[in-house]
Amino acid sequence: MTEPSVIQKQIDRLGPWFHNIHMPDGSQTAPDHFLGDFPGFKWDELKTDLPGDLTGKTVLDVGCNAGFYSLKFAQLGADVTAVDLDTNYLRQAKWVIGQFGLTDNIRLEQKQVYDLAKEEKTYDIVVFMGLFYHLRYPLLALDILSKKTKRLMIFQTLTMPGDGQEEPADDYSLHDRGQLLEHGWPKMGFIEKKFNSDPTNWWFANSSCIEAMLRTCGFKITGKPGNELFLAEPDPERPGVTDTWDESEYLSAVGREWQHAYQRKIK
């Protein structure tokens, strides 16, 4: 029997892995992943919609896991900030980044997505993939990230079946609630217990709902390069609700002073 390489021993020590990362020596961190070569096939869907050179650009990778996407963006020249709450994922990411010699290009931070509301920094590109459905307060996370995104958000989430689209009217009467049952109406399915044996799977939205939520957070959809994958840019013609009538609720939710801002609006 062939003795495992030093790299393979380190991979085994740091496991289990959710990202299958192809290491410089040809080793893979999760070659038997139940989804296949994940998230490599997602990157293949996405990369043709990105510039080939991101030198001088800043990227925020939210829920970075073992650092697959952070690695890809750093290899394109970007300065990457990668955040995750899970200490094991961050240990994996730190090791992977070191193996590729990109320690100076990727900064790892242990944070919740909600912690980003306390910071003023913004980013050219925000990567928000595979995290939305794990969040207890998903729309708050989108509101926060809308304020962090200067040019592009890359958004991916598990969705409900069905791809119909409902063109909403400007308003509905109290007795028009039957409209909510239409096939293309924006919907979120709530998971009370577990889904795929995971108690942190809370929400599956349909595609119509994803797009509607992104719009209300101040984005416009500019592309759908793959299944359950959305490209969104800040929409100057339609700012998010936290920049209009809902500012006080947002500021209160993220633990910031809201009274002065609200009082200015009503004077």
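Which condition number does Val59 fail, the rest of (1) open to solvent by 10 Å² or more (accessible area, probe 1.4 Å); (2) part of a strand (DSSP E or B) being met?
Against the list (1) open to solvent by 10 Å² or more (accessible area, probe 1.4 Å); (2) part of a strand (DSSP E or B), Val59 comes up short only on (1).
Is it fair to say Tyr123 is within 30 Å of Glu247 (Cα to Cα) and touching a Ser or Thr at 6+ places or on another chain (Cβ under 9 Å)?
yes
For the stretch 121-145, give me the residue count where each residue is aromatic (Phe, Trp, Tyr) and either open to solvent by less than 10 Å² (accessible area, probe 1.4 Å) or closer than 12 Å to Asp61 by Cα (or both).
3
What is the number of the single condition among (1) modelled with pLDDT of 95 or more; (2) of a type outside the set (Asp, Glu); (3) within 28 Å of Lys118 (Cβ to Cβ) that Ala253 does not meet?
Just one mismatch for Ala253, condition (1).
Would it be correct to say that Ile221 is outside any strand (DSSP E or B), of a type outside the set (Ser, Thr, Tyr) and either open to solvent by less than 60 Å² (accessible area, probe 1.4 Å) or in contact with a Leu (Cβ under 8 Å, 6 or more places away or on another chain) (or both)?
On the way: outside any strand (DSSP E or B): no; of a type outside the set (Ser, Thr, Tyr): yes; either open to solvent by less than 60 Å² (accessible area, probe 1.4 Å) or in contact with a Leu (Cβ under 8 Å, 6 or more places away or on another chain) (or both): yes.
Answer is no for this residue.
Return yes or no: is Leu85 open to solvent by 30 Å² or more (accessible area, probe 1.4 Å), touching a residue at least 24 places away in the same chain (Cβ under 8 Å), more than 20 Å from Leu152 (Cβ to Cβ) and under 14 Å from the mean Cα position of the chain (by Cα)? Write out each step before concluding.
Working: open to solvent by 30 Å² or more (accessible area, probe 1.4 Å): yes; touching a residue at least 24 places away in the same chain (Cβ under 8 Å): yes; more than 20 Å from Leu152 (Cβ to Cβ): yes; under 14 Å from the mean Cα position of the chain (by Cα): yes.
Here the answer is yes, as Leu85 does meet what is asked.
Any residue in the stretch 39-54 that is open to solvent by less than 50 Å² (accessible area, probe 1.4 Å), more than 17 Å from the chain's Cα centre (by Cα) and of a type outside the set (Phe, Trp, Tyr)?
Checked the stretch 39-54: at least one residue is open to solvent by less than 50 Å² (accessible area, probe 1.4 Å), more than 17 Å from the chain's Cα centre (by Cα) and of a type outside the set (Phe, Trp, Tyr).
If you scan the stretch 144-167, which residues turn out to be in contact with a strand residue (DSSP E or B) (Cβ under 9 Å, 6 or more places away or on another chain) and among the basic types (Lys, Arg)?
Lys148, Lys150, Arg151
Quick one: which residue in Lys111, Lys118, Lys150 is within 22 Å of Tyr250 (Cβ to Cβ), open to solvent by 40 Å² or more (accessible area, probe 1.4 Å), touching a Pro at 6+ places or on another chain (Cβ under 8 Å) and of a type outside the set (Gly, Ala, Ser)?
Among Lys111, Lys118, Lys150, only Lys150 is within 22 Å of Tyr250 (Cβ to Cβ), open to solvent by 40 Å² or more (accessible area, probe 1.4 Å), touching a Pro at 6+ places or on another chain (Cβ under 8 Å) and of a type outside the set (Gly, Ala, Ser).
Tally up the residues in the stretch 192-216 that are buried (at least 18 other Cβ atoms within 10 Å of the Cβ) and not in a helix (DSSP H, G or I), please.
Counting residues in the stretch 192-216 that are buried (at least 18 other Cβ atoms within 10 Å of the Cβ) and not in a helix (DSSP H, G or I) gives 5.
Would you mind telling me which numbered condition in (1) within 17 Å of Leu152 (Cα to Cα); (2) not in a loop (DSSP other than H, G, I, E, B) Gly189 fails?
Among (1) within 17 Å of Leu152 (Cα to Cα); (2) not in a loop (DSSP other than H, G, I, E, B), Gly189 violates only (1).
Please work out which one of (1) assigned to a helix (DSSP H, G or I); (2) under 26 Å from Thr48 (Cα atoms) is the condition Lys150 fails and give its number.
It is condition (1) that Lys150 fails.
In the stretch 73-117, how many residues are in a helix (DSSP H, G or I) and either more than 12 Å from Leu60 (Cβ to Cβ) or not hydrophobic (A, V, I, L, M, F, W, C) (or both)?
Number satisfying all stated conditions: 18.
Which one is most open to solvent (accessible area, probe 1.4 Å) among residues in the stretch 228-239 that are without any contact (Cβ under 8 Å) to a residue 40 or more places away in the chain and farther than 18 Å from Asp124 by Cα?
Glu237
Please tell me if Phe219 is among the aromatic types (Phe, Trp, Tyr) and in contact (Cβ under 8 Å) with a residue 60 or more places away in the chain.
Yes: the conditions hold for Phe219.
The values are calculated or read from the model by the stated rules, or taken from the named source; none is laboratory data. All figures in this text were calculated on a predicted structure; none of them were measured in a lab. As a convention, Cβ positions derive from the backbone with ideal geometry for all residues, glycine included, and neighbour counts pool all protein chains shown. Each accessible area value is taken on the protein alone, full model and side chains, heavy atoms only, with ligands, DNA and RNA left out. Shrake-Rupley method; radii C 1.70, N 1.55, O 1.52, S 1.80 Å.
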